[in-house]
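Asks: Got a structure here, written out as structure tokens. Questions coming.
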Amino acid sequence: MADGTEQKSSNQMWGGRFASGPSAIMEEINASIGFDKKLYAQDIRGSIAHATMLAAKGIISGEDKDKIIHGLNTIQSEIEAGSFQFSRKLEDIHMNIEARLADLIGPAAGRLHTARSRNDQVALDFRLWVKEELQKTEAMLTALIVAFLDRAEEHADTVMPGFTHLQTAQPVTFGHHCMAYVEMIGRDRARVRHAIEHMDESPIGAAALAGTSYPIDRHMTAKALGFREPTRNSIDTVSDRDFALEFLSIASICATHLSRLAEEIVIWSTPQFGFIRLSDAFSTGSSIMPQKKNPDAAELVRAKTGRINGSLIALLTIMKGLPLAYSKDMQEDKEQVFDSAESLELAIAAMTGMVRDLEVRADKMREAAGSGYSTATDLADWLVREAGLPFREAHHATGHAVAMAEQKGCDLGDLSLEDLQSINPAITAGIFDVLSVEASVASRTSFGGTAPSEVRKQIAWWRGKN
């Protein structure tokens, strides 16, 4: 009776869904099938390559290989048709597939796991999945770059204010501003390409951590699976999740770029700025205020960054203290990557759609471009170039001109020649040639500058690079 009372008390302590005791907790914490079933195609692909190699090396018979491959193809069809029954008791995707393979082909299924371990198997599946996701991300980033190039070409001459500290600084063109994002997204794409190169090694054949005594051919499986070569150290192979960390790092940097763009879209679409109008496809209304058109898609892209950054920190923390080689902690790697991949895909797709669809209000941009004395630097440069003043003296004189314009409530270009000569007698009527925003923009012809001619050169370069 005492034993029964003690067991009942223990069960109540575990509580709720764990009423059956510690074994229920172990099953719950140990099972990964709820999320790693996403790897089914990679698992089957790796198993087919492994079985083919085993048969080629005489480790299993050709008959067993054919049964295994037929069974694996059947399982893939069942999973994709939605008829496959996943079991939590079988823990993960590897054991679920292996158990079903045994049901389909009998004892031959047991030969598939020769010369491999779940350690190198999961490393292979996950690496294949991340590599495929990076390739997809590369294509999506290219589409976003093209969207920006199209808008930049359309608006190479559209004048707008350039900002520092969100204060009007100097006039630029909207095309030039778009090309800034081309550069940012281009770096993201370069990081994706480098990551694919870094991870292009096949883990299969490393086994649990020490390799195997079977005469396997790891170069054969690497080639069959589309990898450049096999990994070179079996301990590192099953310990490594750098490819997942690099994916999350790339995703975090890219999401940060998208978030900066999202913030500008939010600001620019306000009535106070009015630089752009978002299409209805990427906006929502208010449940109470009929005049509202909210940039919800941009705001949600901005928010996704926090989620993706959190995943990077989570996996870095998981990996930071693990001794070599494999530890069960590493089971916690996949959900972070899967979630971030989904978030990043959605954010890139939404931003590409917004860039393509948004309406640019060139009149509002032009009006704002001349505000805040944005051509003050042009005045200072003219004084250096034409009047021979040292830049610091020219800077000081320009400050006086700005103060005078503020006092008179006008722009710099509206000051009279007499006003300007009262500040410095060396000023001539030629000063007015540089005080318009169009003249200012056109003069910035240095490599990478905002002059429309230079913007078009950069657009052409990027189109050739794509």
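The values are calculated or read from the model by the stated rules, or taken from the named source; none is laboratory data. Computed from a predicted structure; not experimentally measured. Neighbour counts are summed over all protein chains in view; Cβ atoms, including those assigned to glycine, are modelled from backbone coordinates with ideal geometry. Areas reflect the complete protein model, heavy atoms only, side chains present, ligands, DNA and RNA absent. Shrake-Rupley method; radii C 1.70, N 1.55, O 1.52, S 1.80 Å.
Asks: Looking at LYS67, LYS136, LYS37, which one is assigned by the TED database to the domain that holds ILE196, in a helix (DSSP H, G or I) and either open to solvent by 20 Å² or more (accessible area, probe 1.4 Å) or farther than 21 Å from THR231 by Cβ (or both)? Break it down into steps so the answer makes sense when it comes.
Replies: Working: LYS67 fails: assigned by the TED database to the domain that holds ILE196; LYS37 fails: assigned by the TED database to the domain that holds ILE196.
Result of the check over LYS67, LYS136, LYS37: LYS136.
Asks: Hey, another quick one. Quickly run through region 376-398 and pick out the residues that are in a helix (DSSP H, G or I) and open to solvent by less than 40 Å² (accessible area, probe 1.4 Å). Full working, then the answer.
Replies: Within region 376-398, the first condition is being in a helix (DSSP H, G or I), and the residues that meet it are 376-387, 391-398.
Passing the criteria: ALA376, ASP378, LEU379, ALA380, TRP382, LEU383, ALA387, ALA394, ALA397, THR398.
Asks: I need the helices (runs of 4 or more DSSP H) fully contained in region 169-271, keeping only those with at least 1 residues that are out of contact with any Lys or Arg (no Cβ under 6 Å at 6 or more places or on another chain), open to solvent by less than 50 Å² (accessible area, probe 1.4 Å) and closer than 28 Å to ARG361 by Cβ. Outline the logic, then answer.
Replies: On the way: elements: 174-198, 218-224, 234-239, 242-268.
Qualifying helices (runs of 4 or more DSSP H): 174-198, 242-268.
Asks: Additional query: Just to be sure before I move on: is GLY46 under 34 Å from the mean Cα position of the chain (by Cα), at pLDDT 95 or above and more than 24 Å from GLN121 (Cβ to Cβ) in the structure I sent?
Replies: No; evaluated as a whole, the condition is false for this residue.
Asks: Oh, and also: Taking the options GLU367, GLU359, name whichever one is touching a Lys or Arg at 6+ places or on another chain (Cβ under 8 Å) and within 30 Å of ASN294 (Cβ to Cβ).
Replies: Numbers: GLU367 fails: touching a Lys or Arg at 6+ places or on another chain (Cβ under 8 Å).
That would be GLU359, the only listed residue that is touching a Lys or Arg at 6+ places or on another chain (Cβ under 8 Å) and within 30 Å of ASN294 (Cβ to Cβ).
Asks: May I ask you to verify whether ALA152 is small (Gly, Ala, Ser), touching a Cys at 6+ places or on another chain (Cβ under 7 Å) and buried (at least 20 other Cβ atoms within 10 Å of the Cβ)? Can you show your working first?
Replies: On the way: small (Gly, Ala, Ser): yes; touching a Cys at 6+ places or on another chain (Cβ under 7 Å): yes; buried (at least 20 other Cβ atoms within 10 Å of the Cβ): yes.
The answer is yes for ALA152.
Table: residues versus (1) at pLDDT below 85; (2) among the polar types (S, T, N, Q); (3) open to solvent by 50 Å² or more (accessible area, probe 1.4 Å); (4) part of a helix (DSSP H, G or I).
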{"position": "GLU418", "(1), (2), (3), (4)": "yes, no, yes, yes"}
{"position": "ALA426", "(1), (2), (3), (4)": "yes, no, no, no"}
{"position": "PHE432", "(1), (2), (3), (4)": "yes, no, yes, yes"}
{"position": "LEU435", "(1), (2), (3), (4)": "yes, no, no, no"}
{"position": "PHE447", "(1), (2), (3), (4)": "no, no, yes, no"}
{"position": "THR450", "(1), (2), (3), (4)": "no, yes, no, no"}
{"position": "ALA460", "(1), (2), (3), (4)": "no, no, yes, yes"}
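Asks: Here is a further query. Among the residues of region 116-133, write down those that are open to solvent by less than 10 Å² (accessible area, probe 1.4 Å) and farther than 18 Å from GLU335 by Cα.
Replies: Passing the criteria: only ASP120.
Asks: Consider only pairs whose beta carbons are under 9 Å apart and that are at least six residues apart or on different chains; among these, list those whose first residue lies in region 204-221 and is farther than 12 Å from ALA51 by Cα and whose second residue is open to solvent by 50 Å² or more (accessible area, probe 1.4 Å) and at pLDDT below 95.
Replies: ALA208/ARG118; ALA208/TYR326; LEU209/LEU324; LEU209/TYR326
Asks: Answer yes or no as to whether ALA368 is touching a Pro at 6+ places or on another chain (Cβ under 6 Å), in a helix (DSSP H, G or I) and either buried (at least 18 other Cβ atoms within 10 Å of the Cβ) or without any contact (Cβ under 8 Å) to a residue 60 or more places away in the chain (or both). Break it down into steps so the answer makes sense when it comes.
Replies: Details: touching a Pro at 6+ places or on another chain (Cβ under 6 Å): yes; in a helix (DSSP H, G or I): yes; either buried (at least 18 other Cβ atoms within 10 Å of the Cβ) or without any contact (Cβ under 8 Å) to a residue 60 or more places away in the chain (or both): yes.
The answer is yes for ALA368.
Asks: Just need a number here: residues in region 292-311 that are in a helix (DSSP H, G or I) and open to solvent by less than 30 Å² (accessible area, probe 1.4 Å).
Replies: Applying the first criterion (in a helix (DSSP H, G or I)) to region 292-311 yields 296-311.
Subsequent filtering for residues that are open to solvent by less than 30 Å² (accessible area, probe 1.4 Å) retains 297-298, 301, 305, 308, 311.
Residues flagged as in a helix (DSSP H, G or I) and open to solvent by less than 30 Å² (accessible area, probe 1.4 Å) within region 292-311 amount to 6.
Asks: Can you tell me how many residues within region 272-282 are open to solvent by 40 Å² or more (accessible area, probe 1.4 Å), touching a residue at least 60 places away in the same chain (Cβ under 8 Å) and under 19 Å from ALA349 (Cα atoms)? Steps first, answer last, please.
Replies: First, the residues of region 272-282 that are open to solvent by 40 Å² or more (accessible area, probe 1.4 Å): 272-273, 277, 280-282.
Filter once more, so that each one left must be touching a residue at least 60 places away in the same chain (Cβ under 8 Å): 273, 277, 281-282.
Now narrow it down to the ones that are under 19 Å from ALA349 (Cα atoms): 277, 281-282.
Count: 3.
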